[in-house]
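What follows is one structure encoded as structure tokens, with my remarks underneath.
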Amino acid sequence: MLGKNGDPRFAHKIKRSLRQAILQYLNLTEAQLTPQTDMLLEFIISGHLQVLVYCGERPDSLSPLDFWLRMSNSIDREKFLAAMTSKPDKSF
């Protein structure tokens, strides 16, 4: 349901679920998100979703649950927020 011929509604529901899980893990609410943190969160979620597709296409890869458990340990709340408080690079 997430592959190239998948259901976009299902993908949207999965993204929404991942978003809630990450926000809960980071102990953040929607109200606390700035446009920058929201964009970073979308980037993280899109990457997670693509890894779920990858796991489904390759039986020798990690299970989606194992992937989530390993990745959730690498998301640091302070670093996530600090990444969004620095001034953006407008050189390009």
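The values are calculated or read from the model by the stated rules, or taken from the named source; none is laboratory data. Since the model is a prediction, treat every value here as computed from it, not as a measurement. Cβ sites come from the backbone with ideal geometry, for glycine too, and all protein chains shown count toward neighbours. The protein model used for the area step is the full one, side chains on, heavy atoms only, and it has no ligands, DNA or RNA in it. Shrake-Rupley method; radii C 1.70, N 1.55, O 1.52, S 1.80 Å.
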Could you grab the pairs with beta carbons closer than 9 Å, sequence gap of 6+ or different chains, first residue in the stretch 65-89 and more than 16 Å from GLU42 (Cα to Cα) and part of a loop (DSSP other than H, G, I, E, B), second one open to solvent by 80 Å² or more (accessible area, probe 1.4 Å) and at pLDDT 70 or above?
THR85/GLN36; PRO88/GLN36
For the stretch 63-77 the number of residues that are of a type in the set (Ser, Thr, Tyr), modelled with pLDDT under 75 and open to solvent by less than 60 Å² (accessible area, probe 1.4 Å) is 1
Can you tell which of PHE80, PHE92 is aromatic (Phe, Trp, Tyr), open to solvent by 60 Å² or more (accessible area, probe 1.4 Å) and either at pLDDT 70 or above or more than 18 Å from ALA11 (Cα to Cα) (or both)?
PHE92
A careful count of residues in the stretch 46-62 that are open to solvent by 60 Å² or more (accessible area, probe 1.4 Å), part of a loop (DSSP other than H, G, I, E, B) and either among the hydroxyl-bearing types (Ser, Thr, Tyr) or over 19 Å from ASN73 (Cα atoms) (or both) gives 3
Filtering the stretch 4-45 down to residues that are of a type outside the set (D, E, K, R) and surrounded by fewer than 10 Cβ atoms within 10 Å (Cβ to Cβ), which residue is modelled with the lowest pLDDT?
ASN5
